[in-house]
Amino acid sequence: MSKCDEIQTWFEQSLEENISPTKRMKMRFHLMRCKCCQGYTKDSIQIHSTFKNLKSRASRLTAEERARITKEVLK
Amino acid sequence: MLIKEKSEMNLVKKPIIILVLRSLFSLYFIINSNFVIMETENQSKIAEWVEQYSDYLLGFALSKITDRNLALDLLQDTFVSAMKSEARFEGRSSAKTWLTSILNRKIIDHWRQQKARKTDAVSHYSTSSEESGDWILEKNEVAVETAEQVIIKEEKQADLHDCMAKLPDQWQGIITAKYFEDKKGEEICNEFEVTSSNMWVIVHRAKTALRDCLGQNWFS
């Protein structure tokens, strides 16, 4: 695994859970000077927020909605 | 003599006519009852599909369009279309796949309508002193911008959905469990038999693959 891959994996982990202070420090220093990883983090956050957005809208039908659809379809 | 023959003929004909009429009636009832049975079977099958697949189909619609009410309307239309064309369903694919393709077509039609509306112009009759008596044609800028933003957002979500479908099964499963089912890391690791560090590597690789699939325009 290259240094960038490792840093990007740590970054993914840091979005969801705490990572060790050493890892966090190393990650920050690397991100300060690596344009490639900066681009990745920016894109990753956008994908992450789109996932969250998709998830918030993916819900089940209520019993009323289901009954209404069944009634309309069988009318 | 002739009269006697005629009355004998009539006596023979009558039962035949009754027999023919009876068979016609019974044939009509058989056909009719068959249609009723078929229709009832069809209705119960569609009701079963509504019960089984509506949650999945709603999720599918919501991954492509933002408005929940609209998604419900399209879902309803999908089942109505399925009801109408159920006879054409040959069963070569699963009912779920068939219904999804109908819904997908309805979503595409909706997008087309949205795009067409985006270019709509508003015309009104001017009553101001400078342009009195002229028909003014102007673009509804605010409406256009909003519709455009919505379309872009919907298309982006649809792109992400499509790219996700291209990921290897394990990666897809981990991403779904993590971001859509809110499962905890430990649970995911047990389910997919991977270590915690492996799971993060997979998340990273999946996101890199998604990034490549989506292309630079998606992020701008």
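Counting only residues at least eight positions apart within a chain, or on another chain, the lysines with an alpha carbon under 23 Å from that of A:Lys71 are B:Lys45, B:Lys84, B:Lys96, B:Lys106. Of the residues A:Arg33, A:Arg60, A:Arg24, the one that moves most in a GNM of chain A with alpha-carbon contacts below 10 Å is A:Arg60.
In chain A, what percent of the accessible surface is made up of carbon and sulfur (1.4 Å probe, ligands and nucleic acids excluded)? C and S atoms contribute 55 percent here.
Subtracting the Cα-Cα distance of B:Ser93 and B:Ser196 from their residue separation scaled by 0.36 nm leaves 33.3 nm.
Both chains summed, the buried accessible area for B and A stands near 3800 Å², from protein heavy atoms and a 1.4 Å probe.
Between helix A:21-33 and chain A there is an angle of about 80 degrees, using the helix long axis and the longest principal axis of the Cα atoms. Among B:Asp182, B:Asp159, the order of accessible area from largest down is B:Asp182, B:Asp159, computed with a 1.4 Å probe on protein heavy atoms. Here each label is just a point 7 Å from Cα along the line to Cβ, and for B:Val20 and B:Asp182 those points are 7.4 nm apart. No disulfide-compatible partner, judged by a Cβ distance under 4.7 Å, exists for the following cysteines of chain A: A:Cys4, A:Cys36.
The values are calculated or read from the model by the stated rules, or taken from the named source; none is laboratory data. Since this is a predicted model, take the numbers as computed values, not measurements. Here Cβ is always computed from backbone atoms with ideal geometry, including for glycine, and neighbour counts include all displayed protein chains. Note: areas computed on protein heavy atoms with side chains; ligands, DNA, RNA excluded. Shrake-Rupley method; radii C 1.70, N 1.55, O 1.52, S 1.80 Å.
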